[in-house]
Amino acid sequence: PDLKISNPSSNLKYYSNENMIINWNSINVRGKKVNIYYSIDKGKEWNIIKRGAYNNGYFNWGIPSLDTTSNFSQIKVELSNNTKINDVNQGYFTLYGTPEIQIKSPKENNFIVEDKTNYKIIWESKNIRENRINLYYSTDSASNWKPIALDISNKGFYNWFIPSLNTSNCIFKIESTIQPNTFSISKNNLKITEKSLIIIDNDLNDFLF
């Protein structure tokens, strides 16, 4: 008797709160039920998915919310009445943890900067799909968002060259490119002022030297 897992296979990607189809084949097996487990540490520790599942070669697993992302995940299926008959999928697949993102700029309300200068936007995140983000600003209290940068690498910061916005209050929004429902909006606003300019009115041609 033997069990053989056909899905998942190595190098695939799966995400928290989504589904994974687990498939296996039974050879000369009389047992009608199986136990199914997953591991995120190369099989050192196995977590229960389902005990006593029907041995029909198919199980639809609702992946739970995971705190961290693992590139070394595996699935194990074993007979309920004879756990020595089991199989672990070949290679490793990736299980993404629940995505989180939190913008940190500006740290205080009404922080003043001048236009046409650089301002560093900072955020914290984890488990962001493909590690790509979109960044926006709004000058009308989030009624409309204008892009600062789209589909950029998630480095945790961005140096924004502030365009000519005249005097305005600005807030920021950052979101996952792949999962736009994963986003954060700044709690404090940035006060942008027009850059100071001094104009000399004197006409030097009126003076005799």
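At-a-glance table
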| quantity | calculated |
| --- | --- |
| With all protein chains modelled, accessible area of F183 [1.4 Å, Å²] | 100 Å² |
| N81/N17 FRET efficiency (R0 41 Å; Cβ-Cβ; nearest 0.05) | 0.80 |
| C-alpha center-to-center spacing [the stretch 164-187, the stretch 12-39] in angstrom | 41 Å |
| Trypsin sites (Lys or Arg not before Pro) within the stretch 44-111: DSSP coil, no more than 12 neighbouring Cβ in 10 Å | K44, K107 |
| Cα centroid separation, the stretch 104-141 to the stretch 78-96 (Å) | 44 Å |
| Net lengthening on full extension, N47/T193 (0.36 nm per residue, minus Cα-Cα) | 47.0 nm |
| Surface accessible to a 1.4 Å probe, V34 within the full protein complex, Å² | 0 Å² |
| Span per principal axis, largest first, for the Cα atoms of the chain (Å) | 111, 31, 24 |
| Along principal axes, Cα extents of the stretch 18-112, largest first, whole Å | 74, 22, 16 |
| Fraction of antiparallel bridges per DSSP, the chain only, in percent to nearest 5 | 90 percent |
| Estimated FRET transfer efficiency (N7, F111; beta-carbon r; R0 35 Å; 0.05) | 0.10 |
| The chain, accessible area per residue, ligands and nucleic acids excluded (1.4 Å, Å²) | 60 Å² |
| Inter-probe distance in nm under a simple model that places probes 7 Å from Cα toward Cβ, at N131 and F157 | 1.7 nm |
| Computed accessible area, S176, all protein chains, 1.4 angstrom probe, square angstrom | 0 Å² |
| With every protein chain in place, the stretch 39-196: carbon and sulfur % of accessible area (1.4 Å) | 45 percent |
| Hull volume in cubic angstrom per residue (convex hull over the Cα atoms of the stretch 129-174) | 79 Å³ |
| Residue-wise HN-Hα coupling along the stretch 37-50, computed from phi with Karplus coefficients 6.51, -1.76, 1.60 (Hz; x: Gly, Pro) | 9, 10, 9, 10, 9, 6, x, 6, 9, 10, 9, 6, 9, 7 |
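The values are calculated or read from the model by the stated rules, or taken from the named source; none is laboratory data. A quick note: this is a predicted structure, and the numbers were derived from the prediction, not measured. So basically every Cβ, Gly included, is an ideal-geometry build from the backbone, and we count neighbours across all protein chains shown. The protein model used for the area step is the full one, side chains on, heavy atoms only, and it has no ligands, DNA or RNA in it. Shrake-Rupley method; radii C 1.70, N 1.55, O 1.52, S 1.80 Å.
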